[in-house]
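The values are calculated or read from the model by the stated rules, or taken from the named source; none is laboratory data. These numbers were taken from a predicted model, which means no experiment stands behind them. Glycine also receives a Cβ, built like all others from the backbone with ideal geometry; neighbour counts cover every protein chain displayed. Keep in mind that these areas ignore ligands, DNA and RNA; they rest on the heavy atoms of the full protein, side chains included. Shrake-Rupley method; radii C 1.70, N 1.55, O 1.52, S 1.80 Å.
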Amino acid sequence: MLNPIMSSDRSSKKVCVVGAGMAGLAAARELRREGLDVTVLEQLAGVGGQWLYDAATDAGDPLGMAGVHSSVFASLRINGPRESIGFSDFPFRPTNDAGGDARRYPVHGELLRYIRDFCDAFGLMDAVRLNTTVTRVAMAPPRRDGSLRWAVRSKRHGEAETEEVFDAVVVAIGHYSQPRLPTIDGMDRWRRKQLHSHSYRVPDSFAGEVVVIVGCSVSGAELALELRRVAKEVHLSTKSTEETITSAMSKSVARYENLHLRPQVEHLREDGTVVFDDGSFVVADAVIYCTGYNYSFPFLDTNGKVTVDDNRVGPLYEHVFPPELAPSLSFVGIPGKVVLPVFIEVQARWVAQVLSGRRTLPSPEEMQRAVEEHTRGMEAAGLPKRWTHDMFLNLERCDDYGERICGFPRMEQWKKEIFVSSLSDMVDDIENFRDGYHDSDLVRDALRRHGWTPAEEDDDAHK
């Protein structure tokens, strides 16, 4: 047993959750369900994290290092079907509110509304301190029994910095705020417009320009499709023309004369020339880097017991607990390429049950061995270090994970089918998949049974 907080003493144990986005709110709810005293610290003026849209950008540093949290651009629509991505007991249903978006793939504001509704439905707001930036989390003197405690410094806007001691800290700040930039010869000498997609909001300022987008991820493809409406030319640069999203873009490239697929950028010239690996080049007005994000925890001081190395946060047992510091320090929301928010609900539930004493962890030595075994498996498979926390949208693997760590119910088959179908539709036609889907009989029947579709409306659609 790894110093769990015993159930008879739950309410007296204080837990700090850093962040009030999806992961932080999920953690707060599960911790409260276990009877723990929860405080959520959030630097923004509202809950929602990444989905709290901010029209401001990193104007002083368009490469995105100036501190704006949200990466959401104005026209963004979610790319997962709402019927399969809600919390397990709180479906992401449309509302009849004015200005709502009832579509299967709504605009980002609809997801923010859902997150706020979740917060209100479970009475979490009284645990949240807004406009409060966490400046340092470090180990405090331990209790007499040797269990760890944490000193958390925070600063509310306009007030002096304060420090509190907690029995446990849950880090739940997400990982889409610190841009990951490529290393391209000439970037430092480029005198024209360059920015990370983190700082992109609207296409207006690119009207009539030649734009090069580096990175053919989903974000790269979607920005290319938006910008081609106003730009003179859009050149989408990719490492491999065989990548999934690259192949999905082929139909769009065939549709539009000003949209082009290009190989990897070789170097940039001061005169505005962008040279590609095959020797071809264009003279561009702007370069946008859609190259992902880095994990970053600048406030966290663990004396080197948790580090970030090429986007590997570790060591973390099951992507959550650092073996030497568990269970008093945990992370919720580290893995990528998962179905949200249900995956973070799984992790949050596990953390809460461990802290309350309902579940126990293996010994630190066993957890460390498990981490090392996972690392060796990745190396044997030839997977890069930065993919350590990727779940690759493997729904069976995610189900096995939830079942293994906390007995979480497996996703219903109809939800899996609608989600997998959305991925297939995206690969087939990334430009139109959100509005051109066709459900199977299994999905239509489930939507009707669960109240997503009125029976008569479903019958008409089927006909």
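Whenever you get a sec, compute what percent of the accessible area on the range 181-291 sits on carbon and sulfur atoms (1.4 Å probe).
Here carbon and sulfur together make up 47 percent of the probe-accessible area.
Compute the accessible area per residue over the range 106-220, keeping the other protein chains in place, probe 1.4 Å, unit Å².
Computed with neighbouring chains in place, this is 45 Å² per residue.
Over the range 360-463, with every protein chain in place, what whole percent of the accessible area is carbon and sulfur at 1.4 Å, could you tell me? Walk me through the numbers on the way to the answer.
On the way: 2890 of 5990 Å².
Carbon and sulfur together cover 48 percent of it.
Show me the ranking of peptides 102-112, 423-433 by mean Cβ neighbours inside 10 Å, starting with the highest.
Averaged packing, sorted descending, gives the order 102-112, 423-433.
Suppose we keep just the DSSP beta bridges with both residues in the chain; what percent of those would be antiparallel, to 5?
45
Straight-line reach from LYS337: which lysines fall under 25 Å, measuring Cα to Cα and dropping same-chain residues less than 8 apart?
By straight Cα distance, LYS337 reaches LYS239, LYS251, LYS385, LYS415, LYS416.
Given H placed on each backbone N at 1.01 Å, which residues far from ASP37 in sequence or on other chains put an amide H within less than 5 Å of it?
LYS13, VAL15
Mind checking the dipole of the range 236-348: about its Cα centre, +1 per Lys or Arg Cβ, -1 per Asp or Glu Cβ, Debye to the nearest 20? Intermediate values should be presented prior to the final figure.
Numbers: 8 positive and 15 negative charges, 65 e Å.
Computed about the Cα centre, the dipole is about 320 debye.
How about the range 368-410: which chymotrypsin sites (Phe, Trp or Tyr not before Pro) there lie in a loop by DSSP and see at most 15 other Cβ atoms within 10 Å?
For chymotrypsin sites (Phe, Trp or Tyr not before Pro) across the range 368-410 that sit outside H, G, I, E and B with at most 15 neighbouring Cβ atoms in 10 Å, the list reads PHE392.
Could you point to the label whose value was computed as Kirkwood radius over Cα pairs in Å for the structure here, given (i) 22.0; (ii) 23.7; (iii) 26.5?
(ii)
For the range 32-46, what does the Karplus curve 6.51 cos²θ - 1.76 cosθ + 1.60, with θ = phi - 60°, yield as ³J(HN,Hα) per residue in whole Hz, taken in order and with x for Gly and Pro?
My calculation for the range 32-46 gives 5, 4, 8, x, 8, 8, 10, 10, 10, 10, 10, 6, 8, 8, x Hz in order.
Could you give the angle, 0 to 90 degrees to the nearest 10, between helix 395-406's Cα long axis and the longest principal axis of the Cα atoms of the chain?
Its long axis makes an angle of about 10 degrees.
To the nearest 500 deg cm²/dmol, what mean residue ellipticity at 222 nm is calculated for the chain from DSSP H runs of n ≥ 4 alone, each contributing -39,500 (n - 2.57), summed and divided by the residues? Write out the running numbers ahead of the final one.
Numbers: 10 runs with 125 residues, N = 463.
Result for the chain: -8500 deg cm²/dmol, rounded to the nearest 500.
Rolling a 1.4 angstrom probe over the protein heavy atoms, how many square angstrom per residue are accessible across the range 372-425?
54
Using amide H atoms built in the peptide plane, which far-off residues or other-chain residues are under 5 Å from ALA140 H to H?
ARG149, TRP150, ALA151
Report ³J(HN,Hα) in whole Hz for each residue of the range 416-426, in order, from the Karplus equation J = 6.51 cos²θ - 1.76 cosθ + 1.60 where θ = phi - 60°; Gly and Pro get x.
Calculated HN-Hα couplings, in order: 4, 5, 5, 6, 4, 4, 5, 5, 5, 5, 5 Hz.
Excluding GLN413 itself, calculate the net charge of residues whose Cβ lies under 12 Å from the Cβ of GLN413, where each Lys or Arg counts +1 and each Asp or Glu counts -1.
Once all neighbours under 12 Å are counted, the net charge is -2.
If you restrict to DSSP beta bridges whose two residues both lie in the range 181-291, what percentage is antiparallel, to the nearest 5? Write out the running numbers ahead of the final one.
Working: 6 of 24 bridges.
Once the DSSP bridges in the range 181-291 are tallied, antiparallel ones form about 25 percent.
In a shell of Cβ-Cβ distance under 11 Å around MET125, excluding MET125 itself, what net charge do Lys and Arg (+1) and Asp and Glu (-1) give?
Summing Lys and Arg as +1 and Asp and Glu as -1 gives -1.
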